[in-house]
1. I want to check the label-to-label distance for N122 and S235. Put each point 7 Å from Cα in the C-beta direction and report it in nm to one decimal.
2. Considering the dipole of the stretch 150-236 built from charges on the beta carbon (Lys and Arg +1, Asp and Glu -1) around the Cα centre, which of C204, Y227, G161 is farthest to its positive end?
3. For the stretch 59-101, which trypsin sites (Lys or Arg not before Pro) are both in a DSSP coil and crowded by at most 16 other Cβ atoms within 10 Å?
4. Could you tell me the convex hull volume per residue, in Å³, taken over the Cα atoms of the stretch 136-236?
5. In nm, give the distance between the simple-model label positions of N215 and Y171, each being 7 Å from the Cα along the Cα-to-Cβ direction.
6. Within the chain, which is the longest segment that contains none of the chymotrypsin sites (Phe, Trp or Tyr not before Pro) sitting in a DSSP loop with at most 12 other Cβ atoms within 10 Å?
7. Would you mind calculating the relative contact order of the chain from Cα pairs under 8 angstrom and at least 6 residues apart, reporting the percent as a whole number?
8. Would you tally the net charge around I199, using a Cβ to Cβ cut-off of less than 11 Å, leaving I199 out, and scoring K and R as +1, D and E as -1?
Amino acid sequence: MGIIKTISKILFSEQIVKVKGKIGEESVTAELTPLIFGRVKHHLINNLTILDDMGFTHQIDHIEIRSNGIFCIETKNYKGFIVGRENDSKWCQILYNEKNQFLNPLKQNNSHIYHLAKALNNKYHINSVVVFVQNNANNIDVSNVINLCDLKKYLSTYDDGTYYSYDEIDYIYDEIKNLDVKIKNRIHVNNIQKQQQLIRDGICPRCGAKLVERNGKNGKFIGCSNYPNCRFTKSI
């Protein structure tokens with residue numbers, strides 16, 4: 001009976017995470033509708049799943065294509081006090097005096113961008129944005145980690161010199177949509193587990209090269225031996 005209760009608890013927790021994630025994504029989608037943006041020409045792609053060269057799948061919450069750039073948006077729907085630094089492998093949620101760690105969403109998004117850019121033959125620069133739906137990102141001192149309430153302003157004022165015409169926006173949208181693959185969620189979860197096993201075996205999950213220990217300004221870390229062609233890293 002104890003085992004059954006434990007399994008049930010795990011399954012229930014996973015379901016809660018899925019529901020919260022879905023709610024968070026829908027909140028971002030609501031902010032990125034044409035009704036909100038008015039006359040701004042843009043395309044939004046939600047829940048994009050792409051396949052990499054190693055046969056692994058990668059699910060991206062949102063891709064926003066505008067005249068001032070392509071934005072890969074990772075959504076987080078965590079309550080409480082959020083702390084973390086740009087290069088930390090994990091961040092922390094403090095809620096009701098309990099601490100819960102989760103993967104650094106910047107690193108997650110960088111991985112998504114790497115594979116998306118590669119699938120597009122590295123023709124486009126893709127910007128990373130992490131959005132906290134509960135508007136509790138104020139303690140994260142990273143410019144592209146923002147609150148949901150700041151998303152419209154961030155996208156509207158972002159300027160790195162990029163400009164796409166309406167035709168180019170439509171073309172890029174079609175290119176990215178053509179990358180979308182339909183796959184069952186359990187297969188995607190299995191792919192994630194396989195990637196984690198590769199890392200444990202000392203193999204880069206992005207390119208298949210050997211992982212090696214390196215020294216950086218923040219101390220030792222695990223990096224791909226195929227650097228600089230592959231920039232996969234992992235904290236020790």
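No lab work stands behind these numbers, since they all come straight from the coordinates. For clarity, every value in this text was computed on a predicted model and none was experimentally measured. When we count neighbours, we look across all protein chains shown, and the Cβ atoms used for this are built from the backbone with ideal geometry, even at glycine.
1. According to this spin-label approximation, the distance is 2.9 nm.
2. The listed residue farthest towards the positive side: C204.
3. Working: sites: R66, K76, K79, R85, K90, K99; in loops: K79, R85.
Within the stretch 59-101, the qualifying trypsin sites (Lys or Arg not before Pro) (loop, at most 16 other Cβ atoms within 10 Å) are K79, R85.
4. On the way: hull volume 20.8 nm³, N = 101.
Taking only Cα atoms, the stretch 136-236 has a hull volume of 206 Å³ per residue.
5. Taking the simple label geometry, N215 and Y171 are separated by 4.8 nm.
6. On the way: sites that count: Y96, Y163.
The reported range is 1-95.
7. Over the chain, the number comes to 17 percent.
8. For residues surrounding I199, the net value is +3.
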